[in-house]
Ligand SMILES: Cc1cc2nc3c(=O)[nH]c(=O)nc-3n(C[C@H](O)[C@H](O)[C@H](O)COP(=O)(O)OP(=O)(O)OC[C@H]3O[C@@H](n4cnc5c(N)ncnc54)[C@H](O)[C@@H]3O)c2cc1C
């Protein structure tokens, strides 16, 4: 007989993927069972039908679990100065009760991550991002009168997006939400506690993000879900969200750029100007990490890449396609692409090697490899550089928001 | 607000050198020194009427180009090279001339073996020494001048022939213990090489790379003699005074007793310093000739520098391993039963490689050895004005780790007791003749000299912290990530010891880039 193995003191390895606070609700809804690991947590690529989930974002309302996003809390009198050292934009200009999209770099000016910075109070911030950055944040905070804590597990997050998202909030009893302007945030009462609602999102549509203590996650879900049913609120997975974000022209760390701390090949890192974030770089504010390198690269003209939006002839999505100049010279690669159902256009986000995309912007082609029943159809299609976002929806920014 | 062309922070010999060279080039220079001018070079009273060298006590690498560039007055060093006496078991060995050009106390065969090892190391040091007198080559920012210097160094290697070039590459990162074993049989000589290679470092003779410390020592010279050493007349304070008067002659405005509290910077450029008293002085050039870690972790606002730079300085290894002892004695100690003339240089108590290695072992674990290796200098010898009756003794004790587990408050008296016992064994009656004793562990050196870690070189001299990585990569080559701020202390290339080269190289770089 084989003796039972002794139980190790820790069982963490038995749960390679953790569950988010919303897991019981998502598991009950999941029809496709298309689970994947997002930052070590069980997440869904799709809940029931990717196409229909996309249309929930654009036509009714969609609920997406963003709990796996890394969430850092920076508090204390020195937090504004510390975050100004960390990030590219001027945090002094971020008023309490507002959110801004920002990014941060290493000393060489290579982007470590992008994310949203929430100013919850004058000396209280939350930073949300894809990657894990606690050591970097702690080292940046050294010498500043502030504390940095990782609250990823303690705080659950939901994105409520789509034309009916405000109507769902209103129906769920979040009175006063109508006055929230884009990038504004406020606390609302919930079950004796509170939920922070910001008018933000990753879809380019009217939408909100809600942050709540993990133990109040399920009651928040239920509150939105029951209020949202008459409005056709749907739970969605990442694939639908990804389509919407491409239409909105947003970039994703790890997909459209390789974070500097993860790049294995030293030439695969990107400066802000190389991924379309040049507008964030505030050289007039106080110093920040990477400032010197970015200013030098601009002065010396050593920027190597550029991120562009492409409009491609034909209707086959150009995912992973190689971009050519004059159909011959390799000019870059497509990092995200879809056939946009709303725009009825074939759009893509591409990373080009300068001068393609900067000086040479005409005569670009993409070579799409479409696998059609064990044979690749090689399509060489003309592509045009177009501004991002591809899709601009007036309802996204109208205040008060529509009910639709 | 007061302003000038260049501010120098720190009045050690490197700060004084940089200030003098800048002033001679026509810049209006102000130098701020927290304590007394001279840094580790000072002459102190151990007891009324007994004067010794406060910290450093020997001159063996003061660079001729520094003397020329500053116009340094050298009378206190006008002497032939002083001998080194090695005290091990049995009779002493005496090295005369430049690092034992002549040997006494070993057999003819061993003397020949030493001569061939000495020639080998001196030849290699002459090549490596070419890299010390100018800015280190910076990868990614490699200029014509760098190519020229590197080319010359390469030629110098090749001129010695393929076999020598190969040998240099074989030996350069090896340890002193193996090299000593390769050539020598005499334990006292091996002990001396082990001691000299590791003095001031957190390395034992068997640690990889320890030979480099010996190479570095042999790149130095005194009185024009390679490997030579001189005990300055009047103690190190006289040499400090010479540096000070060179600076005064050049027109440097010297402000001793003035601590710099902050380096002000705006958007990536250093603009001014704020003094401890609150006064602000601005200048387009600020040369920091104090410990580089202090410069970036204490004086500069972290908001003004990149996170990676803070990280690099937090990892910078700079914890001292040497304690200093000054004694006032009522007699001249008869070390090894030798004549006074033979004791006019230094006396090294290092019996063997094993002795030095065992002295190092406890240092790895935050303790000192009950049997440390010791270098002794008698600064007052032949100078009644330094000690009218008797003698002063200056000793360096290796190893005395900065982070002593038991704490130096209790550790210092125990170490003093240990050291006095050892000295008494080699110079019977010494202990009974002690009038006053002052033992400075690294923590005390740190406190008295504003030298974090109390480190000899302002940072370990291992390959990870040399050349274009000295003190850290982003701040190597004297320029720093803050425009207008330059580094010039021993923490920068080429490193520590009384050479003046970091100060000179830094000043020359400033003159080149900040016209
Ligand atoms: C115990 C010991 C013994 C040594 N013995 C020898 C020897 O015999 N021979 C030899 O060649 N080398 C010796 N060395 C090494 C040598 O002394 C150093 O490498 C050398 O002094 C470095 O010179 P420096 O000018 O760069 O810095 P330092 O001599 O350390 O001078 C720095 C100066 O800056 C000042 N300062 C610090 N902070 C501030 C501030 N905020 N504002 C203003 N001023 C400030 C300090 O007071 C100090 O005077 C010894 C080192 C030690 C620790």
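The values are calculated or read from the model by the stated rules, or taken from the named source; none is laboratory data. Predicted model only: the values in this text are computed from it and were never measured. Note that we place each Cβ from the backbone using ideal geometry, even for glycine, and neighbour counts take in every protein chain shown.
Criterion applied to B:470, B:448 was being within 16 Å of the ligand (Cβ to nearest atom), away from chain A (no Cβ under 14 Å) and modelled with pLDDT under 95, and the one residue passing it is B:448. Among the residues of region B:498-515, the ones that are in a loop (DSSP other than H, G, I, E, B) and buried (at least 24 other Cβ atoms within 10 Å of the Cβ) come to 3 in all.
To keep it simple, each residue is scored yes or no on (1) more than 8 Å from the ligand (Cβ to nearest atom); (2) closer than 25 Å to residue B:455 by Cβ.
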| position | (1), (2) |
| --- | --- |
| B:6 | yes, no |
| B:35 | no, yes |
| B:43 | yes, yes |
| B:69 | yes, no |
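Of the strands (runs of 3 or more DSSP E) lying entirely inside region B:1-56, the ones with 2 or more residues being in contact (Cβ under 8 Å) with a residue 40 or more places away in the chain and buried (at least 24 other Cβ atoms within 10 Å of the Cβ) are found at B:6-9, B:29-32, B:50-53.
Within region B:251-295, the residues that satisfy the criterion of being at pLDDT 95 or above, under 24 Å from residue A:293 (Cβ atoms) and over 23 Å from the mean Cα position of the chain (by Cα) are B:263, B:264, B:265, B:269, B:270, B:271, B:284, B:285, B:286. Every condition in (1) within 14 Å of chain B (Cβ to nearest Cβ); (2) more than 14 Å from residue A:111 (Cα to Cα); (3) crowded, with 23+ Cβ neighbours inside 10 Å is met by residue A:269 except one, and the failing one is (2).
Looking at residue B:400, is it outside any strand (DSSP E or B), under 30 Å from residue B:337 (Cβ atoms) and in contact (Cβ under 8 Å) with a residue 60 or more places away in the chain? For residue B:400, the condition - outside any strand (DSSP E or B), under 30 Å from residue B:337 (Cβ atoms) and in contact (Cβ under 8 Å) with a residue 60 or more places away in the chain - is met.
The strands (runs of 3 or more DSSP E) located wholly in region B:83-125 that include 2 or more residues which are under 25 Å from the mean Cα position of the chain (by Cα) and crowded, with 19+ Cβ neighbours inside 10 Å occupy B:84-87, B:93-96.
From the list B:321, B:326, the one residue that fits, being in contact with a helix residue (DSSP H, G or I) (Cβ under 9 Å, 6 or more places away or on another chain), buried (at least 21 other Cβ atoms within 10 Å of the Cβ) and either within 14 Å of another protein chain (Cβ to nearest Cβ) or more than 17 Å from residue B:85 (Cβ to Cβ) (or both), is B:321. Across region B:466-492, the number of residues qualifying as part of a loop (DSSP other than H, G, I, E, B) and under 23 Å from residue B:12 (Cα atoms) comes to 15. If only residues of region A:125-143 that are under 25 Å from residue A:210 (Cβ atoms) and within 14 Å of chain B (Cβ to nearest Cβ) are counted, the one that is nearest to the chain's Cα centre (by Cα) is A:133. When the test is whether a residue is touching a helix residue (DSSP H, G or I) at 6+ places or on another chain (Cβ under 9 Å) and either more than 16 Å from the ligand (Cβ to nearest atom) or modelled with pLDDT under 95 (or both), residue B:367 passes it. Taking the listed residues B:298, B:255, B:311, the one that is within 14 Å of chain A (Cβ to nearest Cβ), within 12 Å of the ligand (Cβ to nearest atom), surrounded by fewer than 21 Cβ atoms within 10 Å (Cβ to Cβ) and farther than 22 Å from residue B:498 by Cβ is B:298, with no other qualifying. Being modelled with pLDDT of 95 or more, within 15 Å of the ligand (Cβ to nearest atom) and away from chain A (no Cβ under 14 Å) is a description that does not apply to residue B:426. Scanning region B:55-67 for residues that are touching a strand residue (DSSP E or B) at 6+ places or on another chain (Cβ under 8 Å) and more than 9 Å from the ligand (Cβ to nearest atom) turns up just one, B:64. Each residue in region A:272-289 was checked for being closer than 29 Å to residue A:320 by Cβ and either within 12 Å of another protein chain (Cβ to nearest Cβ) or assigned to a helix (DSSP H, G or I) (or both), and 6 pass.
Within region A:352-364, the residues that satisfy the criterion of being surrounded by fewer than 22 Cβ atoms within 10 Å (Cβ to Cβ) and in contact (Cβ under 8 Å) with a residue 12 or more places away in the chain are A:353, A:354, A:358, A:360, A:361, A:363.
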